[in-house]
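S.K.: Quick one: this structure, given as structure tokens, is what I'll be asking you about.
The values are calculated or read from the model by the stated rules, or taken from the named source; none is laboratory data. Here the structure is a predicted model, which is why all the values come from computation and not from measurement. Neighbour counts are summed over all protein chains in view; Cβ atoms, including those assigned to glycine, are modelled from backbone coordinates with ideal geometry. Calculation scope for accessible area: heavy atoms of the full protein, side chains included, ligands and nucleic acids excluded. Shrake-Rupley method; radii C 1.70, N 1.55, O 1.52, S 1.80 Å.
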Amino acid sequence: MAAAAVDSAMEVVPALAEEAAPEAAGLSCLVNLPGEVLEYILCSGSLTAADIGRVSSTCRRLRELCQSSGKVWKEQFRVRKALTWKYYAKKILYYLRQQKILNNLKAFLQQPDDYESYLEGAVYIDQYCNPLSDISLKDTQAQIDSIVELVCKTLRGINSRHPSLSFKAGESSMIMEIELQSQVLDAMNYVLYDQLKFKGNRMDYYNALNLYMHQVLIRRTGIPISMSLLYLTIARQLGVPLEPVNFPSHFLLRWCQGAEGATLDIFDYIYIDAFGKGKQLTVKECEYLIGQHVTAALYGVVNVKKVLQRMVGNLLSLGKREGIDQSYQLLRDSLDLYLAMYPDQVQLLLLQARLYFHLGIWPEKSFCLVLKVLDILQHIQTLDPGQHGAVGYLVQHTLEHIERKKEEVGVEVKLRSHEKHRDVCYSIGLIMKHKRYGYNCVIYGWDPTCMMGHEWIRNMNVHSLPHGHHQPFYNVLVEDGSCRYAAQENLEYNVEPQEISHPDVGRYFSEFTGTHYIPNAELEIRYPEDLESVYETVQNIYSAKKEDVE
């Protein structure tokens with residue numbers, strides 16, 4: 001009965017969408033259906049945006065269901081088409097936002113040394129590495145303010161007359177009495193580590209998310225420098241003048257115990273390990289923490305620029321760890337940030353030039369990239385003439401690479417009908433599942449045999465496979481955001497296909513149909529016979545599935 005009502009309504013809606021007046025046939029039948037049924041009908045995919053606009057004008061009930069913030073419009077504009085346009089639009093937006101953020105960071109770095117907004121600098125780094133995310137200093141500060149409120153609530157139970165409780169938002173007063181400062185830190189430790197369960201991320205230490213302040217607040221975990229910046233910001237808002245210490249291997253904060261105006265040394269401070277739940281350390285305990293003796297200079301305070309340098313240095317180290325199948329985006333971003341602060345770092349400039357060269361330079365598509373590499377090399381030569389050999393090598397190979405590209409006739413075309421491709425079973429655009437690791441992926445390229453070098457084959461233990469490297473291998477985009485090269489025997493069709501959330505999907509495909517991806521024009525040129533094969537495969541899979549159900 002219910003199914004019949006839905007089917008009837010499904011027939012009414014398109015007709016209703018073509019009518020101008022609210023008295024259209026079938027309207028009374030339609031509006032009497034439950035809301036969830038109406039939503040199902042309107043989200044069925046048979047209506048265009050114009051149809052939904054006309055339906056929403058027929059009566060109040062349908063207008064409410066079709067409101068702009070509702071499910072109907074979200075489903076209507078869920079991007080399954082124009083994936084390539086969306087991909088390149090994101091690339092452009094990514095670049096434009098980064099340029100704006102980098103300009104803001106450079107202006108921020110021009111502030112006097114006594115300008116100590118550590119949080120603001122950290123947010124600029126976060127924004128630059130995540131330009132498509134909605135990250136702002138205002139929102140980050142608001143989240144920290146909510147933590148401060150919880151600390152004040154706990155502090156009120158310790159000392160109802162504590163001066164920090166009377167501070168107004170944005171006020172930068174400092175409390176001088178050590179005992180009152182200690183009460184604030186006790187309340188902070190309880191709220192951060194006991195109540196909110198913040199902790200140092202020992203299990204996944206080498207993860208870039210640990211350095212992004214918005215992620216530290218969401219995930220409630222980080223590494224010593226990011227946890228220290230959070231701790232420092234809260235403490236200063238509540239009147240405790242903690243200071244950052246660029247301690248080797250483990251960023252710390254220091255808390256002065258000496259009298260104001262007195263000559264102080266490193267033993268007049270307590271050192272706070274925000275990564276270690278706010279533990280308070282002596283000089284000797286700091287050395288135990290890292291397992292080595294250090295000079296007194298390393299216990300000194302550092303300014304905002306030095307703190308940001310260390311944060312970006314950590315990102316740079318993580319960027320160098322990226323695998324060969326990555327775009328090196330983190331390395332590129334961290335190099336940009338580091339060179340914005342220290343533009344004359346010759347070794348990093350060389351690394352940046354090598355990186356651009358490694359990523360590939362196409363004279364007809366990325367001439368601006370060619371110029372950027374050559375500009376970098378010229379700048380290196382000016383800074384350090386002793387780098388003439390390295391610069392000359394890169395210039396020569398850059399120009400040779402350009403000449404080779406000019407000589408290339410076109411892209412390699414792979415025809416499934418060719419004899420040497422007879423063993424290739426799968427096609428680009430198919431949603432697959434890895435038999436061993438269980439991940440879902442989409443194929444965006446294939447080779448009749450493994451085309452990787454001997455070292456990769458050895459490291460990946462390809463020889464242990466029954467068919468070894470003498471079988472088709474597939475380039476796949478994996479749902480976790482990685483790109484992999486998988487053996488045919490390790491892949492199987494995913495009988496319940498789903499969209500693959502990978503940032504590069506739009507680089508290769510124009511549309512997701514619900515069962516497979518359709519290659520964009522560029523990929524279809526390389527694999528002109530694959531799309532027809534995909535249609536046949538999908539039809540066979542779902543015919544077999546239907547027979548199993550029957």
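S.K.: Just to be sure, is Ile158 open to solvent by 20 Å² or more (accessible area, probe 1.4 Å), hydrophobic (A, V, I, L, M, F, W, C) and touching a residue at least 12 places away in the same chain (Cβ under 8 Å)?
M.R.: Criteria met by Ile158.
S.K.: Among the residues of region 123-146, write down those that are open to solvent by 50 Å² or more (accessible area, probe 1.4 Å), within 17 Å of Arg236 (Cβ to Cβ) and of a type in the set (A, V, I, L, M).
M.R.: Once the filter is applied, which keeps residues that are open to solvent by 50 Å² or more (accessible area, probe 1.4 Å), within 17 Å of Arg236 (Cβ to Cβ) and of a type in the set (A, V, I, L, M), region 123-146 yields Leu137, Ala142.
S.K.: Keeping to region 263-299, report how many residues are at pLDDT below 90 and open to solvent by less than 50 Å² (accessible area, probe 1.4 Å).
M.R.: Within region 263-299, residues that are at pLDDT below 90 and open to solvent by less than 50 Å² (accessible area, probe 1.4 Å) number 1.
S.K.: Moving to a separate point now. Name every residue in region 206-237 that is at pLDDT below 95 and among the aromatic types (Phe, Trp, Tyr), in order of residue number.
M.R.: Tyr206
S.K.: Another question, then. So how many residues does region 180-204 have that are modelled with pLDDT of 95 or more and acidic (Asp, Glu)?
M.R.: Within region 180-204, residues that are modelled with pLDDT of 95 or more and acidic (Asp, Glu) number 2.
S.K.: If you don't mind, another one. Could you list, ordered by first residue, the pairs with Cβ atoms under 8 Å in which the first is in region 55-70 and under 12 Å from Glu39 (Cα atoms) and part of a helix (DSSP H, G or I) and the second is modelled with pLDDT under 75 and among the acidic types (Asp, Glu), at least 6 apart or interchain?
M.R.: Listed pairs, sorted by first residue: Leu65/Glu39.
S.K.: Within region 84-117, track down each residue that is touching a residue at least 60 places away in the same chain (Cβ under 8 Å), open to solvent by 100 Å² or more (accessible area, probe 1.4 Å) and within 27 Å of Leu229 (Cα to Cα).
M.R.: Residue satisfying the conditions is Asp113 alone.
S.K.: Let me ask you something else. Can you tell me which residue among Glu149, Glu120 is assigned to a helix (DSSP H, G or I), open to solvent by 50 Å² or more (accessible area, probe 1.4 Å) and either without any contact (Cβ under 8 Å) to a residue 40 or more places away in the chain or in contact with a Lys or Arg (Cβ under 6 Å, 6 or more places away or on another chain) (or both)?
M.R.: Of the residues listed, the single one that is assigned to a helix (DSSP H, G or I), open to solvent by 50 Å² or more (accessible area, probe 1.4 Å) and either without any contact (Cβ under 8 Å) to a residue 40 or more places away in the chain or in contact with a Lys or Arg (Cβ under 6 Å, 6 or more places away or on another chain) (or both) is Glu149.
S.K.: Still on this model: Specify which of the listed residues (Arg332, Arg310) is open to solvent by less than 60 Å² (accessible area, probe 1.4 Å) and basic (Lys, Arg).
M.R.: Arg310
S.K.: For region 421-432, which residues satisfy the criterion of being under 36 Å from the mean Cα position of the chain (by Cα) and either more than 15 Å from Gln471 (Cβ to Cβ) or open to solvent by less than 60 Å² (accessible area, probe 1.4 Å) (or both)?
M.R.: Passing the criteria: Val424, Tyr426, Ser427, Ile428, Gly429, Leu430, Ile431, Met432.
S.K.: Same structure again: Is it the case, given these coordinates, that Val538 is surrounded by 14 or more Cβ atoms within 10 Å (Cβ to Cβ), at pLDDT below 90 and of a type in the set (A, V, I, L, M, F, W, C)?
M.R.: So Val538 fits the description; yes.
S.K.: Which residue is modelled with the highest pLDDT, if the candidates are limited to region 366-420 and must be among the hydroxyl-bearing types (Ser, Thr, Tyr) and open to solvent by less than 100 Å² (accessible area, probe 1.4 Å)?
M.R.: Residue satisfying both the conditions and the ranking: Ser417.
S.K.: A follow-up question, please. Going by the structure shown, is Ile457 touching a residue at least 12 places away in the same chain (Cβ under 8 Å), farther than 25 Å from Tyr88 by Cβ and of a type in the set (Val, Ile, Thr)?
M.R.: In short, yes.
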